[in-house]
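The values are calculated or read from the model by the stated rules, or taken from the named source; none is laboratory data. The shown structure was predicted, so the numbers you read here are calculated from the model rather than taken from an experiment. Here the Cβ is made from the backbone with ideal geometry for all residues, glycine too, and neighbour counts use every protein chain on show.
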Amino acid sequence: MDVHVTGSDVRGTTRAPPSKSYTHRALLAAGYSDGATVRSPLVSADTKATARAVTAFGGDVDRDRDADAFVVDGFGGRPDVPDDVIDCANSGTTTRLVTATAALADGGTVLTGDASLRSRPQGPLLDALSDLGVRAESTRGNGQAPLVVFGPLSGGDVAIPGDVSSQYVTALLMAGAVTDEGIDVALTTELKSAPYVDITLELLAEFGIEATPIGGDARDAERATGATSAAGADGFSVPGGQTYEPDGGTYTVPGDFSSISYLVAAGAVAAHPDDSVRIEGARPSAQGDSAIVEIAERMGAAIDWNRDDGVITVERSALSGVEVDVGDTPDLLPTIATLGAIADGDTRIVNCEHVRYKETDRVSAMAEELAKLGAETTEEPDVLTVHGSESDLSGATVDGRADHRIVMALAVAGLVADGTTTIRGGEHVDVSFPDFFSTLHDLGARIDREE
């Protein structure tokens, strides 16, 4: 689907979509339980893939539209061997998390997905499971899906790199809680995207599961749970023999700060001069991507976050380039790059090599697509510099690269580009923010969708 975005002012109140990261984990945690209700979930292409996987392992997931919930009949920590191949579609999170689930089954599981997913690295997780005594292989021998996993997994000690994907750690912790022995994970490199492991630790605690960072500089962080942060840890430990059981049998998903980042950016660059963009549902949680508020403030945005009410208000502002380390917040790179193209001066996005291993190489994708709109960038292996003072955005046809975050970031750029910007592959917002274009339209953006 082509989406045409014409330069527009935006104003008014909208609501953040539920968190994709929390929804994935909550659905799988409910699957590991005897049964639980996941309230206010994100219903998207990716989270539907996780729901299908829970069903494939012997659970059952029903959507209660009236209650805005998924009602999950779990498999009680003992997944069945699936009757068929598990299709994870475009969801890397599903693939990694349920690869470890597959290791618990007493038999073989095959996991695959679309062309983009089949290009993403899974090797370190396969190696870790193999070290734990499970047969875990890539059918092509390249560490990429299709994957074949034969269990059962009993637990043990394992070492894994932390600089490719934090989801490997999440997968092992979630599965390890229901093994006989538990799992101790040692990190062989610094952990990137540590806040995503914080999300996992927070959610596990909500489901009654004990899992803790160990060693290193793991520290008490200012998190909603008051728990120990994953940042700086040498590894993680999860005892076995635990039972997933949320308080009252329910878990409520918070708002998604990755998605909120596009709304914050839209307000900062395109809010009506006499008004603002107001975003509800922005309550504090372990999400690292809440850093978008601080980043926008550093760039000069007039922004206020009422944490008690969960409301962010942002006004159009003159922005200036800054340096941002995205080691812990890789999903913010497309948003920051767009803000940098509109700001004065240079915006340097550093520590971003791992962002090349997402749905697409998001570093190159943003450099190349913003260039089509008139932005000047300099790309290095681990740094993307956007030269805002040398950029003058004009409407053009750009490629969303079949990546929801690239599509949404380019749409924000289209709000301030001169003329109309056509974004190819607009349908991919279904992965995390299905109502994204409707939300922009309701805020006043000039949006035309061509099916």
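With respect to (1) modelled with pLDDT under 95; (2) over 19 Å from residue 198 (Cβ atoms), the lone exception for residue 327 is condition (2). Scanning the range 151-180 for residues that are touching a Phe, Trp or Tyr at 6+ places or on another chain (Cβ under 9 Å), assigned to a loop (DSSP other than H, G, I, E, B), of a type in the set (A, V, I, L, M, F, W, C) and buried (at least 24 other Cβ atoms within 10 Å of the Cβ) yields 177, 178.
So is residue 95 among the polar types (S, T, N, Q) and surrounded by fewer than 22 Cβ atoms within 10 Å (Cβ to Cβ) or not? Step through it out loud before you land on a result.
Values: among the polar types (S, T, N, Q): yes; surrounded by fewer than 22 Cβ atoms within 10 Å (Cβ to Cβ): no.
When the stated conditions are applied, residue 95 does not pass them.
Criterion applied to 402, 343 was being of a type outside the set (Val, Ile, Thr), under 21 Å from the mean Cα position of the chain (by Cα) and buried (at least 18 other Cβ atoms within 10 Å of the Cβ), and the one residue passing it is 402.
Given the criterion crowded, with 20+ Cβ neighbours inside 10 Å and of a type in the set (Asp, Glu), identify the matching residue among 2, 46, 34, 64. Unique residue meeting the criteria: 46.
Yes or no: the range 123-134 includes at least one residue that is assigned to a loop (DSSP other than H, G, I, E, B) and either in contact with a Lys or Arg (Cβ under 9 Å, 6 or more places away or on another chain) or closer than 19 Å to residue 52 by Cα (or both). The answer is no; no qualifying residue exists. All of (1) free of Cβ contacts under 8 Å to residues at least 40 places away in the same chain; (2) not assigned by TED's automatic domain parsing to the domain that holds residue 240 hold for residue 9 with one exception: (1). Residue pairs, Cβ under 6 Å, 6 or more apart or interchain, first in the range 294-323 and more than 15 Å from residue 341 (Cα to Cα), second among the charged types (D, E, K, R). List them. Close Cβ pairs satisfying both conditions: 302/315; 303/297; 310/283; 311/280; 313/278; 313/304. On the stretch given as the range 307-362, residues that are of a type in the set (Gly, Ala, Ser) and either closer than 29 Å to residue 122 by Cα or in contact with a Leu (Cβ under 7 Å, 6 or more places away or on another chain) (or both) total 4.
Residue-by-condition table, conditions (1) aromatic (Phe, Trp, Tyr); (2) part of a loop (DSSP other than H, G, I, E, B):
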{"site": "13", "(1), (2)": "no, no"}
{"site": "25", "(1), (2)": "no, no"}
{"site": "37", "(1), (2)": "no, no"}
{"site": "42", "(1), (2)": "no, yes"}
{"site": "46", "(1), (2)": "no, no"}
{"site": "55", "(1), (2)": "no, no"}
{"site": "75", "(1), (2)": "yes, yes"}
{"site": "81", "(1), (2)": "no, yes"}
{"site": "84", "(1), (2)": "no, yes"}
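For the range 211-225, filtering for residues that are in a loop (DSSP other than H, G, I, E, B) and modelled with pLDDT under 95 leaves 10. Contact map, the range 240-254: residues that are more than 24 Å from residue 284 (Cβ to Cβ) and assigned by TED's automatic domain parsing to the domain that holds residue 34 paired with residues that are of a type in the set (Val, Ile, Thr) and at pLDDT 95 or above, Cβ distance under 6 Å, separation 6+ or inter-chain. Pairs shown: 240/179; 242/209.
How about the range 193-210: which of its residues are part of a loop (DSSP other than H, G, I, E, B) and surrounded by 22 or more Cβ atoms within 10 Å (Cβ to Cβ)?
Step one: filter the range 193-210 for residues part of a loop (DSSP other than H, G, I, E, B), giving 193, 207-210.
193, 207, 209 - these are the residues of the range 193-210 that are part of a loop (DSSP other than H, G, I, E, B) and surrounded by 22 or more Cβ atoms within 10 Å (Cβ to Cβ).
Are any residues in the range 432-451 in contact with an Asp or Glu (Cβ under 7 Å, 6 or more places away or on another chain) and on the phi < 0 side of the Ramachandran plot, and if so, which ones? Passing the criteria: 432, 450. Does the range 247-305 hold any residues that are in a loop (DSSP other than H, G, I, E, B), small (Gly, Ala, Ser) and either touching a strand residue (DSSP E or B) at 6+ places or on another chain (Cβ under 6 Å) or within 13 Å of residue 315 (Cβ to Cβ) (or both), and which are they? Of everything in the range 247-305, those that are in a loop (DSSP other than H, G, I, E, B), small (Gly, Ala, Ser) and either touching a strand residue (DSSP E or B) at 6+ places or on another chain (Cβ under 6 Å) or within 13 Å of residue 315 (Cβ to Cβ) (or both) turn out to be 276, 281, 282, 300, 301.
Looking at 161, 152, just one residue is touching a helix residue (DSSP H, G or I) at 6+ places or on another chain (Cβ under 8 Å) and either touching a residue at least 12 places away in the same chain (Cβ under 8 Å) or not assigned by TED's automatic domain parsing to the domain that holds residue 240 (or both), and that residue is 161. Report yes if residue 96 is charged (D, E, K, R), modelled with pLDDT of 95 or more, part of a strand (DSSP E or B) and under 23 Å from the mean Cα position of the chain (by Cα), otherwise no. Spelling it out, it is not the case that residue 96 is charged (D, E, K, R), modelled with pLDDT of 95 or more, part of a strand (DSSP E or B) and under 23 Å from the mean Cα position of the chain (by Cα).
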